[in-house]
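A.B. asks: A single structure is presented below for examination.
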Amino acid sequence: MSVPGAPTAKEKKYDRQLRLWGAGGQEALETAHILLINATAAGSETLKNLVLPGIGRFTIIDHAVVTDEDLGTNFFLDDSSIGLSRAQKTCELLCELNPEVQGHFINDTIENILRSNPEKLKDFTTVVATGDIPTATLLSLDAILYPLGIPLFVVKCVGFTMSCRLALSEHPIVETHPASTVDLRLFNPFPELSTLVDEKAASMDDKEKMTTHEHDHLPYVLILLQALNEWKSTHGNQPPSSYPQKNEFKSLLRSKMWNADEENFEEAIAAVLPHFNPPSIPSETRAIFQDEKCANLTKESTKFWIIARAIKEFSEKNGGLLPLPGALPDMKAESKDYIRLQNIYKTKARADLAVVFGIVRGLLTGLGRDGGEVEESEVETFCKHAGYVKLIRGRSLNEEYEKSPRAQVISNDLSDSTSLIHYYLGLRAYEAFISDENNTQRIAPGAEDSTVDADTEKLNKHVTELLDKLSITHSPELLEGTEKAIGEIVRAGGGELHNIASLTGGVAAQEIIKIITRQYIPMDNTVLFDGISSRTFVYKL
Amino acid sequence: MATTTVLTTESPDRWKYLNNILTRRGPYSDETFEPGDEPKRFLADLKILVIGAGGLGCEILKNLALSGFRDIHVIDMDTIDISNLNRQFLFREADVGKSKAEVAAAFVMKRVRGVKITPFNCAIQDKDDEYYKQFKIVVCGLDSVEARRWINATLVNLVGEETLIPLIDGGTEGFKGQARVILPTISCCYECTLDMLTPRVAVPLCTLASIPRQPAHCIEWASVIQWPKEKGDLKIDMDDPEHVTWLYTKALARAKEFNIPGVTYAMTQGVIKNIIPAIASTNAIVAASCCNEALKIATTASPYLDNYMMYTGDESVYTFTFQHDKKEDCPVCGNLPQALTVDPESKLEQLMEKLQERPETTLKKPSLRTSSKSLYLQAPEQLEERTRPNLEKKLKELMEEGDELSISDPGMPFNLRFIISFSS
């Protein structure tokens, strides 16, 4: 079969995901290299969800030997794996999922890698740390990865509880996938649009000059613009702004209908509230324009900042308007009229793009860089999303733990016994427990029935120590929720439940995909899940 | 059947972590939960049914096997397609064309020792009440509204003195999904929440026929108008590349004629098959949530979801967990007729088109009756012929205000009932 446009074998296999992130997102995935530290159930499930959509490569670092307990939680191990390297066996069974993915394993501890070959970490696109890793190791990893801009996920999964912490430095997203990028420019039509209104809609009240068919096939955009002209002539050249005025405007539209079932007029009426807004630059975009990195471009500035700066300059010269995205929703109209209107928006969008692209080239040469470094398609994507771009500046683990802890975020939620912050505190206490220098074997709290009570006490103590360190006032009443969270954590005895591990792997993989493809918006920066009440919450810690 | 605890037949360490949860009480555990061997036995002996062995189904089977369930049935009538491989991780390229239920069951049994999975390569409608009665829990990973309505209504109908089978249902679309627990007749059922589905916006036929504006209009024209015209009674097979190519070529030519940009092969497939984007990670989240609820219900180790969790991952991570109310006039679990206002001047045919726009009446081949007469019957043929002229009649000639209109459909194990009132 050689039909032009028919999908390739790869496009067929990845069809359901290409509809989400396109060829560009797929290419980013295929060139990524993920490091998993410890092949826990949650870690292996995370990799499963990345191997399936065709991540380029993964590496597992793990020194453990497969035990029976692993087989009860990890699907990517089987009876024949017992006693062998966990890194190797999970790597093998994960590789079966997708022949296009390369899997590697290192049968060693992350501590050894950090000591002997920390340079190795530079190879990875994203690092996922799971299992019982002491705080000191996590902070060392963070200290290397964060300055390099390599995202680090710290995933904890104990019993019904999970947390996923993302240490992400600067992360701009252009393709945020908003529900719609339509900007009809109703309050500031460009000349070509006004000309079309005059030509097509000026006589929409005149039954002598327009047939019924023409009238009920007028595209609603033209109806709105024509009616706006009329409104403005009697309202000091101002469009309707208040809610009552908009309702009045809707009545005006209704009065212009020639019969009760003119769909195009109904569409026009329905479009008043969503589309009658004075032009403004959304706050996220404005923050990017005002960012110091936008103001002071350097030779090292990324393409994102150069295009952002160009669009900022464009809007300053264009009365505060962003480049036109150019999309037009479907509306009742004759085919040729709709296509003509669509082309007017598209042509304007292309003209705006040309101006922005010119500014980009100028900026690049001004910086002594190659003017062709940025492709037109990149500028086009940015122009289409200029009102929807997003910049995430995450926080490092070192900031959360040492340099600038966000005590307020924790104390705000403490009095709510149903808040998931209690699980955060419980998991921090868990981490402190396995990080204790006397606990060299990293035995988990509640590992044996006989230690449950004593370990519960220890975790409670770790929580109060943490709160004291953060100068958060606490009382037994405030810690009621925390005590219960600790109860659940100790109950699990450091074990993963497969369902929760699998859910964790799903959540982590979604976030990793969003970061690698630079599409959609990742969470910032800690998501907690409680499998008892089936709730999540995201904290910025 | 073995009633001993299978959980301990392997090395006692195998299920150590699961057993921690089952042998220890948690701070949120229900009072009726008795930690120890009891919940373990429960799990091992309980029969659980999985409907669907696709994206969610593969995950569900894996999760249940690793949650200590030992006696699992799975029903799926589909065969494996190449486009399943990006998420349905129990299948390989060599499996394309084989039964999903059979391949999935065999894979999980091979990987997880001690679990028994019985596959059925058939439609859920092929099984009768006696079959469904044997299960203690049903977990659904389906992509069809029709099948969900069917199993929901079936389980509601089965409710009796000794039978109440919880239905755990999951669904995904892109980065979003939901998991829910339905206790038939006790909490809100699938039918109660049908209005949460986005209504299908049908493109008017005249747009397709004479004023297309969007690439999708050209594709629908090719499949709805041009195919029957040129191919007669031959049914379109969405999975036949020749058929898809034919539609694509026709749509492309029409788009060219009207200067409409954007018709692609992928879009043609998307429009005619109503393809919903699907990825492994979202399936993992939703299936795990469903199975977590199954484990909690089966063992009472922790309280279960009451009754709905929505997960949204495309913008940060957001879940909305809430109790959806039962609908008093739910046609399945409430069984009161609903009000329906119709225009007495419109024709029966128009009423049937209107019904297609409402999620609860989007049916394949609906037949309509009032208490006194048959308005339109799809089968048998002679009755269809006899009632066909009614389609052209005005509603005021066929019914009166206050009449009860009953709608049946082969895809639905219950009748929808409406009390008619006329719009003025």
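A.B. asks: Do the conditions hold for residue A:208, that is, is it over 19 Å from residue A:337 (Cα atoms), without any contact (Cβ under 8 Å) to a residue 24 or more places away in the chain and in a helix (DSSP H, G or I)?
C.D. replies: The answer is no for residue A:208.
A.B. asks: Okay, moving on. Looking only at residues that are modelled with pLDDT under 95 and not in a loop (DSSP other than H, G, I, E, B) in region A:274-295, which one is nearest to residue A:188 (Cα to Cα)?
C.D. replies: A:275
A.B. asks: Further, regarding this structure: For the condition of a type in the set (Lys, Arg) and farther than 27 Å from residue A:145 by Cβ, what is the one hit in A:16, A:115?
C.D. replies: Answer to the check: A:16.
A.B. asks: May I pose another question? Out of region B:147-192, which residues are closer than 15 Å to residue B:293 by Cα, out of contact with any Cys (no Cβ under 7 Å at 6 or more places or on another chain), aliphatic (A, V, I, L, M) and surrounded by 20 or more Cβ atoms within 10 Å (Cβ to Cβ)?
C.D. replies: Result: B:165, B:181.
A.B. asks: Which condition from (1) of a type in the set (D, E, K, R); (2) at pLDDT 95 or above; (3) touching a helix residue (DSSP H, G or I) at 6+ places or on another chain (Cβ under 9 Å) is the one that residue B:200 breaks?
C.D. replies: Among (1) of a type in the set (D, E, K, R); (2) at pLDDT 95 or above; (3) touching a helix residue (DSSP H, G or I) at 6+ places or on another chain (Cβ under 9 Å), residue B:200 violates only (2).
A.B. asks: I've got another one for you. Based on what the data block shows, is residue B:389 over 16 Å from residue B:193 (Cα atoms) and assigned to a loop (DSSP other than H, G, I, E, B)?
C.D. replies: no
A.B. asks: Right, next: Where residues in region B:100-120 are surrounded by 15 or more Cβ atoms within 10 Å (Cβ to Cβ), within 16 Å of residue B:51 (Cβ to Cβ) and among the β-branched types (Val, Ile, Thr), which of them is nearest to the other protein chains (Cβ to nearest Cβ)?
C.D. replies: B:108
A.B. asks: For residue B:247, state whether it is at pLDDT below 95, more than 9 Å from chain A (Cβ to nearest Cβ) and either in contact with a Phe, Trp or Tyr (Cβ under 9 Å, 6 or more places away or on another chain) or in a helix (DSSP H, G or I) (or both).
C.D. replies: Details: at pLDDT below 95: no; more than 9 Å from chain A (Cβ to nearest Cβ): yes; either in contact with a Phe, Trp or Tyr (Cβ under 9 Å, 6 or more places away or on another chain) or in a helix (DSSP H, G or I) (or both): yes.
No, not satisfied.
A.B. asks: What residue, of B:184, B:241, is farther than 30 Å from residue A:536 by Cβ, at pLDDT below 95 and either in the same structural domain as residue B:286 (by TED's automatic domain parsing) or not polar (S, T, N, Q) (or both)?
C.D. replies: Going through B:184, B:241 in turn, the sole match is B:241.
A.B. asks: State the number of residues belonging to region B:314-325 that are more than 22 Å from the chain's Cα centre (by Cα) and either surrounded by 21 or more Cβ atoms within 10 Å (Cβ to Cβ) or under 30 Å from residue B:44 (Cα atoms) (or both).
C.D. replies: Of the residues in region B:314-325, 1 are more than 22 Å from the chain's Cα centre (by Cα) and either surrounded by 21 or more Cβ atoms within 10 Å (Cβ to Cβ) or under 30 Å from residue B:44 (Cα atoms) (or both).
A.B. asks: In addition: What residue, of B:157, B:152, B:86, is on the phi < 0 side of the Ramachandran plot, within 14 Å of chain A (Cβ to nearest Cβ) and not aliphatic (A, V, I, L, M)? Spell out the reasoning first.
C.D. replies: Numbers: B:157 fails: within 14 Å of chain A (Cβ to nearest Cβ); B:152 fails: within 14 Å of chain A (Cβ to nearest Cβ).
Just one listed residue meets the conditions, B:86.
A.B. asks: Next up: Could you check how many residues of region B:78-90 are of a type in the set (Ser, Thr, Tyr) and either in contact with a helix residue (DSSP H, G or I) (Cβ under 6 Å, 6 or more places away or on another chain) or part of a helix (DSSP H, G or I) (or both)?
C.D. replies: Going through region B:78-90 one residue at a time, the tally reaches 1.
A.B. asks: Could we say that residue B:45 is surrounded by 20 or more Cβ atoms within 10 Å (Cβ to Cβ), farther than 20 Å from residue A:76 by Cα, touching a residue at least 40 places away in the same chain (Cβ under 8 Å) and away from chain A (no Cβ under 14 Å) here?
C.D. replies: no
A.B. asks: Quick one: which helices (runs of 4 or more DSSP H) sit completely within region B:93-165 and have at least 3 residues that are touching a residue at least 12 places away in the same chain (Cβ under 8 Å) and closer than 22 Å to residue A:76 by Cβ?
C.D. replies: Of the helices (runs of 4 or more DSSP H) lying wholly inside region B:93-165, those with at least 3 residues that are touching a residue at least 12 places away in the same chain (Cβ under 8 Å) and closer than 22 Å to residue A:76 by Cβ span B:100-111.
A.B. asks: Here is a check on your reading of the model: is residue B:233 away from chain A (no Cβ under 14 Å), over 30 Å from residue A:342 (Cβ atoms), among the acidic types (Asp, Glu) and more than 21 Å from the chain's Cα centre (by Cα)?
C.D. replies: Details: away from chain A (no Cβ under 14 Å): yes; over 30 Å from residue A:342 (Cβ atoms): yes; among the acidic types (Asp, Glu): yes; more than 21 Å from the chain's Cα centre (by Cα): yes.
So residue B:233 passes the test.
A.B. asks: Next up: Kindly provide the set of residues from region B:277-313 that are surrounded by fewer than 20 Cβ atoms within 10 Å (Cβ to Cβ) and facing chain A (nearest Cβ under 8 Å), ordered by number.
C.D. replies: Result: B:277, B:303.
A.B. asks: If the requirement is being touching a residue at least 24 places away in the same chain (Cβ under 8 Å), part of a helix (DSSP H, G or I) and surrounded by fewer than 16 Cβ atoms within 10 Å (Cβ to Cβ), which of these qualifies: A:192, A:230, A:214?
C.D. replies: Residue meeting the stated conditions: A:192.
A.B. asks: Suppose the filter is without any contact (Cβ under 8 Å) to a residue 24 or more places away in the chain, aliphatic (A, V, I, L, M) and within 12 Å of chain A (Cβ to nearest Cβ); does residue B:317 pass it?
C.D. replies: Here the answer is yes, as residue B:317 does meet what is asked.
A.B. asks: Does residue A:469 satisfy being under 23 Å from residue A:401 (Cβ atoms), of a type in the set (Lys, Arg) and under 34 Å from the mean Cα position of the chain (by Cα)?
C.D. replies: yes
A.B. asks: Considering only region B:48-77, state which residues are within 12 Å of another protein chain (Cβ to nearest Cβ) and either modelled with pLDDT under 95 or not in a helix (DSSP H, G or I) (or both).
C.D. replies: B:54, B:66, B:67, B:68, B:69
A.B. asks: Every residue in region A:20-73 that is surrounded by 22 or more Cβ atoms within 10 Å (Cβ to Cβ), of a type outside the set (A, V, I, L, M, F, W, C) and more than 8 Å from chain B (Cβ to nearest Cβ), please.
C.D. replies: A:38, A:40, A:43, A:44, A:46, A:62, A:70
A.B. asks: Would it be correct to say that residue A:491 is touching a residue at least 24 places away in the same chain (Cβ under 8 Å), at the interface with another protein chain (Cβ under 8 Å from one of its Cβ atoms) and buried (at least 22 other Cβ atoms within 10 Å of the Cβ)?
C.D. replies: yes
A.B. asks: So in region A:414-430, with the set limited to residues that are of a type outside the set (A, V, I, L, M, F, W, C) and buried (at least 18 other Cβ atoms within 10 Å of the Cβ), which one is farthest from residue B:27 (Cα to Cα)? Steps first, please.
C.D. replies: First, the residues of region A:414-430 that are of a type outside the set (A, V, I, L, M, F, W, C): A:415-419, A:422-424, A:426, A:428, A:430.
Now restrict to residues that are buried (at least 18 other Cβ atoms within 10 Å of the Cβ): A:419, A:422-424, A:426, A:428, A:430.
Working: A:419: 15, A:422: 13, A:423: 13, A:424: 17, A:426: 14, A:428: 19, A:430: 17 Å.
It comes out as A:428.
A.B. asks: Can you tell me which residues in region A:443-464 are among the charged types (D, E, K, R), away from chain B (no Cβ under 13 Å) and under 15 Å from residue A:427 (Cβ atoms)?
C.D. replies: Going residue by residue through region A:443-464, those that are among the charged types (D, E, K, R) are A:448-449, A:453, A:455, A:457-458, A:461.
Checking which are away from chain B (no Cβ under 13 Å) leaves us with A:457-458, A:461.
Hit for region A:443-464 is A:458, nothing else.
A.B. asks: Among the residues of region B:211-220, which ones are more than 10 Å from every other protein chain (Cβ to nearest Cβ) and either surrounded by fewer than 24 Cβ atoms within 10 Å (Cβ to Cβ) or not in a helix (DSSP H, G or I) (or both)?
C.D. replies: Matches in region B:211-220: B:215, B:220.
A.B. asks: Sticking with this one: Quick check: anything in region B:295-308 touching a strand residue (DSSP E or B) at 6+ places or on another chain (Cβ under 9 Å), part of a helix (DSSP H, G or I) and of a type in the set (A, V, I, L, M)?
C.D. replies: Taking every residue of region B:295-308 in turn, at least one turns out to be touching a strand residue (DSSP E or B) at 6+ places or on another chain (Cβ under 9 Å), part of a helix (DSSP H, G or I) and of a type in the set (A, V, I, L, M).
A.B. asks: With respect to the numbered conditions (1) surrounded by 22 or more Cβ atoms within 10 Å (Cβ to Cβ); (2) more than 7 Å from chain A (Cβ to nearest Cβ); (3) at pLDDT 95 or above, which one is the sole condition not fulfilled by residue B:97?
C.D. replies: The one condition residue B:97 does not meet is (1).
The values are calculated or read from the model by the stated rules, or taken from the named source; none is laboratory data. Owing to the predicted nature of the structure, the values given are computational and were not obtained by experimental measurement. We place every Cβ from the backbone using ideal geometry, glycine too, and count neighbours over all the protein chains shown.
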